[in-house]
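First, the structure itself, so that you have it in front of you.
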Amino acid sequence: MNHDLLNCVLEPANLASAWKQVKSNKGAPGIDGVTIEAYPDFAKQHWPSVRQALLDGTYQPSPVRRHVIEKPDGGERLLGIPTVMDRVIQQAIVQVLTPVFDPGFLSKQLRLPTGTVSTRRSPSG
């Protein structure tokens, strides 16, 4: 990753915004067992080494925790749950890269071009 972009990702304001988003999404702990509630203390202890690994290009995300959700039809849906740390890092990256690579993303989400049919399903299915 370009160092200018990486520095933007690692800006304290961007990381605070990423944490706020991850916290609001709630979610289960990853493979390390760190919950949303426990993350601030965990981050105080571990962030300096994680940040340095990101800067050095040696950071490796943790494996995801696998969780199976039973479907009503008898099938299964497999989920991969990343650690809270990895979710914060991913969110921080998204916040920096989305405006660079897709500056109209938000506006595309909010309005459809004239003559376009919405893909939303009606309440009847």
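The values are calculated or read from the model by the stated rules, or taken from the named source; none is laboratory data. Keep in mind that what you see is a predicted model, and the values were worked out from it rather than measured. All Cβ positions, glycine included, derive from the backbone under ideal geometry; neighbour counts span all protein chains shown. When the accessible area is computed, the model is the full protein with side chains, heavy atoms only, and any ligands, DNA or RNA have been set aside. Shrake-Rupley method; radii C 1.70, N 1.55, O 1.52, S 1.80 Å.
Select from the range 18-37 the residues that are in contact (Cβ under 8 Å) with a residue 40 or more places away in the chain and part of a loop (DSSP other than H, G, I, E, B) and list them in ascending order.
GLY27, ALA28, PRO29, GLY30, ILE31, ASP32, VAL34, THR35, ILE36
Also, quick follow-up: Hey, does the range 56-75 have a residue that's at pLDDT 95 or above, part of a helix (DSSP H, G or I) and either in contact with a Pro (Cβ under 7 Å, 6 or more places away or on another chain) or open to solvent by less than 60 Å² (accessible area, probe 1.4 Å) (or both)?
Among the residues of the range 56-75, not one is at pLDDT 95 or above, part of a helix (DSSP H, G or I) and either in contact with a Pro (Cβ under 7 Å, 6 or more places away or on another chain) or open to solvent by less than 60 Å² (accessible area, probe 1.4 Å) (or both), which makes the answer no.
Could I ask something else about it? Report whether or not ILE81 is touching a Lys or Arg at 6+ places or on another chain (Cβ under 7 Å), open to solvent by 50 Å² or more (accessible area, probe 1.4 Å) and at pLDDT 95 or above.
no
Moving to a separate point now. Do the conditions hold for ASP86, that is, is it more than 26 Å from PHE101 (Cα to Cα), surrounded by 14 or more Cβ atoms within 10 Å (Cβ to Cβ), of a type outside the set (Ser, Thr, Tyr) and under 17 Å from the mean Cα position of the chain (by Cα)?
It is false that ASP86 is more than 26 Å from PHE101 (Cα to Cα), surrounded by 14 or more Cβ atoms within 10 Å (Cβ to Cβ), of a type outside the set (Ser, Thr, Tyr) and under 17 Å from the mean Cα position of the chain (by Cα).
From the list PHE101, PHE42, which residue is open to solvent by 90 Å² or more (accessible area, probe 1.4 Å), more than 15 Å from the chain's Cα centre (by Cα) and of a type in the set (A, V, I, L, M, F, W, C)?
PHE101
Checking ALA28 against (1) among the aliphatic types (A, V, I, L, M); (2) out of contact with any helix residue (DSSP H, G or I) (no Cβ under 9 Å at 6 or more places or on another chain); (3) surrounded by 14 or more Cβ atoms within 10 Å (Cβ to Cβ), which test does it fail?
(3)
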